[in-house]
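*Asks:* First the structure, which I've put down as structure tokens, then a few questions once you've had a look.
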Amino acid sequence: MIDSTDHDACGVGFIVQLGSFGSREVVERALTALSRLSHRGGVDADGCSGDGAGLLTAIPQKFIRDRAREAGIELPEIFGLGMAFLPPGREAEARAAVEAATEETGLRCLGWRVVPTDTSLLGPRAVATLPAIWQCFFAPESPREDLERLLFLCRKRVEAAAPRGIYFCSLSSRTVVYKGLLTPGQLAAFYADLASPDFKSSFAVFHQRYATNTHPNWFLAQPFRFVAHNGEINTIGANRRWSRAREAAVRQQLRVGEWFRALEEDVSDSASFDNAFEILLQQGYGPGAAMLRMVPPAWESDRRLSAELRRYLETQAREQEPWDGPAALVFSDGRMVGAKLDRNGLRPLRYTRTSDGLLVAGSEVGLAELQGRIAERGRLGPGEILLVDPVAGVLFREGELSEGLRLGNEPAKVVPVSRLAPTATGPAAPTQEPKRVAAALGWSEDQFRLLFQPLGLDGKEAVWSMGDDTPPAFISAARRPLWDYCKQRFAQVTNPPIDPLREAHVMSLDVYLGQTVVIGSPLLDAGQMSALESDPLKPVRRIDLTFDAAQGVNGALDALERVRRQACEYAAGKPCMLLLSDRGVRADRAALPALLGLAAAWKSMLRLGAYDVPLVMQSGQVIETHHVALLIAAGASAVFPYLALELAESLKPGGAASYRAAVETGLRKVIARMGISTLASYRNSMLFETVGLDPELCAEFFEDAACVLGGKGLVELLQESLERHASAFAPAGPELQDAGLYRFRMNGERHASSPELVRRLHRYVKSETPENYRAFAELGQNREPVAVRDLFEIVPGTPVAPEDVEGEGAILSRFSTQAMSLGALGPEAHRTLAIAMNRLGARSNTGEGGEDPEIHRREPEASNRVKQVASARFGVTTEYLVQADELEIKMAQGSKPGEGGQLPAAKVTPYIAHLRHAVPGMALISPPPHHDIYSIEDLAQLIYDLRAVNPLARIGVKLVAGAGVGIIAAGVAKAGADVITICGFDGGTGASPLTSIKNTGLPWEVGLREAHCALIRAGFRRRVRLRVDGGFKF
């Protein structure tokens, strides 16, 4: 399996009685509010087990003291309370482990109490995973000690050393959490404590979970110890890697040993967020300041911010990448309660305050019956924060935050930052024989002409059509560079992509190079590079990525070791910048693959704790956006594509500036494809997946990238790189060769579609003889591998009687054409496909362009049985929906996942414009996400609405094969879909950016296997049909 990462989608909120030390009403209202969020949560396949629900409250002092006294425990004035899940049957061992940790931390364990529960109302999944639930009580050995710090360290020791299965829902002197694998209606009935009249609190944070993972469990229910989260942390890969990188510095600051781990293992994105938030609190940040550091607003261009807040945010940005993603966060440290939206503001969070001091905030309105007069209503906007001091009765709104935030941890003297702008300066020493050097570094003639030239000439990425019919790099007979084995990650459904056009005002490509320099994007030009080397970032240490070509693979392996060694040596001296460079390639000097060298150096730096040293890559191997994005995701601070800039400028004056503009636009699209707004949260994320690389190589260089379909190892990659180098400098060879990567060439890359295939197909269509059919079928039976399925072997099994085999009609009914829109295809082709599939008893799909309503009246045999609903809703009307046998919600498409449909202006004729309710002659680009679907709950709502419009139609959801698609498929099935389509990367398209066609998505064979297995584990496989598409020719 590719990925088992947990993600959450849910309902969340809090209730506070301002000026109160605690009331029963707050708890009862919170339980009521939680029950009113039931529709935002998920239910297991067993129909009874919830995905998770819970409450975080202040410790009800009288209630807890009374219950402890009943257990024979007399609590001191100040005590700590733990709510613990213990492994059933091993409670004594677990309690002993906890007590041992308390002794090492300076605490005394005062005793244990069994939490009364009613297990009769649980579903089978909840019962099967039910932990033993206990409360434990602690006091400090010395009354002068910080009890919260001691409890924090005690829990961390338990996490590090105790047997697996011990989990503290909360361990605090201020707060307690009651949660579990429950529905909201089960929570109060399951925990008898919550029904007690003495269970009182001044605030309550509540949460209802919709788990899009395949294994919901008791530990991952929310709230966590401080935070309840509705949404996704799209940047979680980078956030976790940066947290691990900073771990040594955190240990030093907290004065703890090597046993300390910043983040818990095998938890959800929300749980990791809670861990990181807790550490900031332990470092002295107030809850509001910590939340602003982790989830900053789009402050870079917001002139409304106070000077103090802007200074704070700028200072934190130099040290902390945002935890980014569509997120509504509710949090409390037991003293303050707050709510926060991420910079995009794509999750709802509304609040109401009454005249009698009741404050209700949550994912929806109507969570509580409000008797008092409404004094204030509002909703949080993008990046906004709301803070409450319940006991003092003070509410801090956006714009009134200075006092409530406690902006601590700011340096006494802020070092000013200088912004280094792009220049028009050319290189001091142009590359000799640039195209021959380019060939040695992995360029091909067709890449230069079809992929690169549009960047330099037009300042735009090339647009292509009909998908990718070449083999994945690991199947290819050609020598493909390492870039081609890596695919960009993308978001779909549970953490959707964002629209880089609509959200441009909250996106940022800013890169901080140390504490003193900021650049507007990670792309450096010659002038900027010269400026960095000459002044702001002295000293700069250079590491050469070239080596003696005559030494062969052994020389390359030695060069890799040298890169690692020098990275450690130089980083230990804390230089202002490390520079990796492959300049100097010539006939006798070959270069290491840039991505490999970068990964080796960065990993060595992280081991040394030099995460704060800028690492710049100067490489001629970089051609396009995909290459820059991979280097950034693998750890580069910035990239200087010296050869690409030289060649772009040679195309026309100002070509380098056009190239920069195109690549920066492309980078915004790359990070938006993952739902990320800032490049700082993309760097060091390993947000790509490798296809066809040896697992040992991936573990050595790309340990946190998804790795599928093992294949070539390090030695093979280096050997192919050397062969490319030798071919480029061969005396009789051309400077650049057409590799046939995009169009069929006789001596180039293999293609699934070829002139010979078209000729034989035409011959059979014109004359349907057995001989002509055999000649056509022979191409499919004997072709060299082009797709993963070509590597499969069919293993004979037990024979089946002919009468037990499905009939021809039943088999044909499973087939469908896949979604080429009217507009992408001409009306004649669209009509022909529909008629053909209807005659076969199969299905055709409208695509996202709608359908002429006259067809249903005049020519029903040409009507498409599957109607697609895509992000722009082109052609979607009630009449359109009710004519369907199946409605397909397109969340992504194989040729460009994370991007919307694209119809060039020339294809938008008056007829097409009429059907799409658009203007003739205007390019039509659908947004990457559905703007009404930013969570799995939103998708469930659309499925419900479509089913209400057409109760007889099956409802399908179209996904793309990628890391974690099985998890997403389970969530989609839980949302009520009848059909799930898994698209492969090689799917057809009317128009897509060429770099997207080549560099996103996985083979459908991988996605199908993952989705099938995930659905079986979740118990949903029998509820849904799985369908695949992508590049079928035979």
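The values are calculated or read from the model by the stated rules, or taken from the named source; none is laboratory data. Worth saying up front: this structure is predicted, and the values here are computed from it rather than measured. Cβ placement follows ideal geometry from the backbone for every residue including glycine, while neighbour counts extend to all protein chains displayed.
*Asks:* Looking only at region 598-625, filter to residues that are more than 13 Å from M686 (Cα to Cα) and in a helix (DSSP H, G or I); which one of those is farthest from the chain's Cα centre (by Cα)?
*Replies:* So the residue we want is L608.
*Asks:* Considering region 311-330 alone, what residues qualify as being of a type outside the set (S, T, Y), surrounded by 21 or more Cβ atoms within 10 Å (Cβ to Cβ) and out of contact with any helix residue (DSSP H, G or I) (no Cβ under 6 Å at 6 or more places or on another chain)?
*Replies:* A317, G325, P326, A327, A328, L329, V330
*Asks:* So how many residues does region 890-930 have that are surrounded by 15 or more Cβ atoms within 10 Å (Cβ to Cβ), touching a residue at least 12 places away in the same chain (Cβ under 8 Å) and not polar (S, T, N, Q)?
*Replies:* Matching residues across region 890-930 total 24.
*Asks:* Out of (1) part of a helix (DSSP H, G or I); (2) modelled with pLDDT under 95; (3) surrounded by fewer than 20 Cβ atoms within 10 Å (Cβ to Cβ), the odd one out for G555 is which?
*Replies:* It fails just one condition, (2).
*Asks:* Further question on the same structure: Taking into account only those residues within region 806-822 that are among the small types (G, A, S) and surrounded by 15 or more Cβ atoms within 10 Å (Cβ to Cβ), which is modelled with the lowest pLDDT?
*Replies:* Checking each candidate, the answer is A819.
*Asks:* Go through (1) free of Cβ contacts under 8 Å to residues at least 40 places away in the same chain; (2) under 22 Å from A699 (Cβ atoms) and name the single condition L630 misses.
*Replies:* With respect to (1) free of Cβ contacts under 8 Å to residues at least 40 places away in the same chain; (2) under 22 Å from A699 (Cβ atoms), L630 is out only on (1).
*Asks:* Among (1) acidic (D, E); (2) surrounded by fewer than 24 Cβ atoms within 10 Å (Cβ to Cβ); (3) outside any helix (DSSP H, G or I), which single condition is D986 missing?
*Replies:* Against the list (1) acidic (D, E); (2) surrounded by fewer than 24 Cβ atoms within 10 Å (Cβ to Cβ); (3) outside any helix (DSSP H, G or I), D986 comes up short only on (2).
*Asks:* Further question: Among the candidates A940, A948, A969, which residue alone is small (G, A, S), buried (at least 24 other Cβ atoms within 10 Å of the Cβ) and not in a strand (DSSP E or B)?
*Replies:* Result: A969 is the single residue among A940, A948, A969 that is small (G, A, S), buried (at least 24 other Cβ atoms within 10 Å of the Cβ) and not in a strand (DSSP E or B).
*Asks:* Something else now. Among the residues in region 120-127, are any in a helix (DSSP H, G or I), assigned by TED's automatic domain parsing to the domain that holds F152, over 36 Å from the mean Cα position of the chain (by Cα) and not charged (D, E, K, R)?
*Replies:* yes
*Asks:* Here are R419, R397: which of them is surrounded by fewer than 19 Cβ atoms within 10 Å (Cβ to Cβ), at pLDDT below 95, under 30 Å from L280 (Cα atoms) and in the same structural domain as S201 (by TED's automatic domain parsing)?
*Replies:* When all the criteria are applied, what remains is R397.
*Asks:* For region 202-288, list the helices (runs of 4 or more DSSP H) that sit wholly inside it and hold at least 2 residues that are aromatic (F, W, Y) and under 24 Å from R343 (Cα atoms); which are they?
*Replies:* Where helices (runs of 4 or more DSSP H) fall fully within region 202-288 and carry at least 2 residues being aromatic (F, W, Y) and under 24 Å from R343 (Cα atoms), they are 269-282.
*Asks:* Out of all the residues in region 350-393, which are of a type in the set (G, A, S), touching a Lys or Arg at 6+ places or on another chain (Cβ under 7 Å) and part of a loop (DSSP other than H, G, I, E, B)?
*Replies:* Hits for region 350-393 are S355, S363, G366, A368, G383.
*Asks:* Quick one: is R108 among the basic types (K, R) and part of a loop (DSSP other than H, G, I, E, B)?
*Replies:* Here the answer is no, as R108 does not meet what is asked.
*Asks:* If only one of V250, V267 is over 22 Å from the mean Cα position of the chain (by Cα), aliphatic (A, V, I, L, M) and outside the structural domain of S685 (by TED's automatic domain parsing), which one is it?
*Replies:* Answer to the selection: V250.
*Asks:* Pairs only if they're at least six apart or on different chains, beta carbon under 8 angstrom, first in region 747-764 and within 12 Å of G780 (Cβ to Cβ), second β-branched (V, I, T) and assigned to a loop (DSSP other than H, G, I, E, B); list them, first residue then second.
*Replies:* A752/T470; A752/V786
*Asks:* Then there is this: In the set E232, E258, which member is free of Cβ contacts under 8 Å to residues at least 60 places away in the same chain and among the acidic types (D, E)?
*Replies:* E258
*Asks:* Within region 138-185, work out how many residues are at pLDDT below 90, part of a helix (DSSP H, G or I) and surrounded by fewer than 23 Cβ atoms within 10 Å (Cβ to Cβ).
*Replies:* Number of matching residues: 2.
*Asks:* Something else now. Return yes or no: is G962 closer than 25 Å to Y485 by Cβ, assigned by TED's automatic domain parsing to the domain that holds K890 and either of a type in the set (K, R) or surrounded by 24 or more Cβ atoms within 10 Å (Cβ to Cβ) (or both)?
*Replies:* Answer is yes for this residue.
*Asks:* Taking into account only those residues within region 823-850 that are assigned to a helix (DSSP H, G or I) and either of a type in the set (G, A, S) or not assigned by TED's automatic domain parsing to the domain that holds D885 (or both), which is surrounded by the most Cβ atoms within 10 Å (Cβ to Cβ)?
*Replies:* Ranking the qualifying residues of region 823-850, first place goes to A834.
*Asks:* Take P853 and decide whether it is of a type outside the set (V, I, T), closer than 25 Å to R673 by Cβ and assigned by TED's automatic domain parsing to the domain that holds I968.
*Replies:* Here the answer is no, as P853 does not meet what is asked.
*Asks:* Related question: Search region 771-800 for residues that are at positive phi and at pLDDT 90 or above and pair each with any residue that is exposed (fewer than 11 other Cβ atoms within 10 Å of the Cβ) and not aromatic (F, W, Y) when their beta-carbon atoms are under 9 Å apart and the residues are at least 6 apart or on different chains.
*Replies:* Cβ pairs passing all conditions: none.
*Asks:* Given the residues D446, D458, which is the only one that is acidic (D, E) and buried (at least 19 other Cβ atoms within 10 Å of the Cβ)?
*Replies:* Among D446, D458, only D446 is acidic (D, E) and buried (at least 19 other Cβ atoms within 10 Å of the Cβ).
*Asks:* Any residue that is crowded, with 20+ Cβ neighbours inside 10 Å, modelled with pLDDT of 90 or more and closer than 24 Å to S35 by Cβ - is there at least one of those in region 379-387?
*Replies:* Yes, because at least one residue in region 379-387 is crowded, with 20+ Cβ neighbours inside 10 Å, modelled with pLDDT of 90 or more and closer than 24 Å to S35 by Cβ.
*Asks:* Then there's this: Here are some residues: R479, R541, R449. Which one is in a helix (DSSP H, G or I) and basic (K, R)?
*Replies:* That would be R449, the only listed residue that is in a helix (DSSP H, G or I) and basic (K, R).
*Asks:* Scanning for something farther than 27 Å from L150 by Cβ, over 21 Å from the mean Cα position of the chain (by Cα) and of a type in the set (G, A, S), does region 287-305 turn up at least one residue?
*Replies:* Looking through region 287-305, at least one residue is farther than 27 Å from L150 by Cβ, over 21 Å from the mean Cα position of the chain (by Cα) and of a type in the set (G, A, S).
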